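The structure appears below as structure tokens.
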């Protein structure tokens with residue numbers, strides 16, 4: 001079971017941490033066209049001789065990492081809740097197994113609620129720090 005969960009976490013993290021692309025209109029100068037694609041004041045377009053890339057500010061980088069880690073951990077918490085509920089139903093109401101899976105569901109639910117609360121708190125701190 002742990003191997004499956006670890007595989008799913010790594011598989012999900014591959015898609016969560018991959019870069020995303022914006023759809024923008026292209027004019028003659030790509031640098032000026034991309035300026036309108038980014039609404040964040042911490043993001044800017046950097047151009048050199050033949051290279052064009054987006055440079056994010058520290059606020060954007062921290063916020064993206066917090067968001068991505070929260071998505072992965074939320075997925076794992078919900079997965080534990082679902083597995084715990086399935087095992088609870090299929091435990092044939094054996095008292096020891098029922099107690100074990102109720103504890104699993106309880107701690108996974110608390111983990112999920114704590115994760116939501118901490119993500120919101122971290123977002124507030126980041127917005128306060130970079131105001």
Test: residue in the stretch 97-107 that is in contact (Cβ under 8 Å) with a residue 24 or more places away in the chain and surrounded by 15 or more Cβ atoms within 10 Å (Cβ to Cβ): yes
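Yes/no per residue for (1) under 30 Å from residue 57 (Cβ atoms); (2) modelled with pLDDT of 85 or more; (3) touching a strand residue (DSSP E or B) at 6+ places or on another chain (Cβ under 9 Å):
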position	(1), (2), (3)
87	no, yes, no
97	no, yes, no
100	no, yes, no
105	no, yes, no
114	yes, yes, no
118	yes, yes, no
121	yes, yes, no
126	yes, no, no
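The values are calculated or read from the model by the stated rules, or taken from the named source; none is laboratory data. Note that the structure is a prediction, hence the values are computed from the model and not measured. Methodologically, a virtual Cβ is constructed for each residue, glycine included, from the backbone with ideal geometry; neighbour enumeration extends over all protein chains shown.
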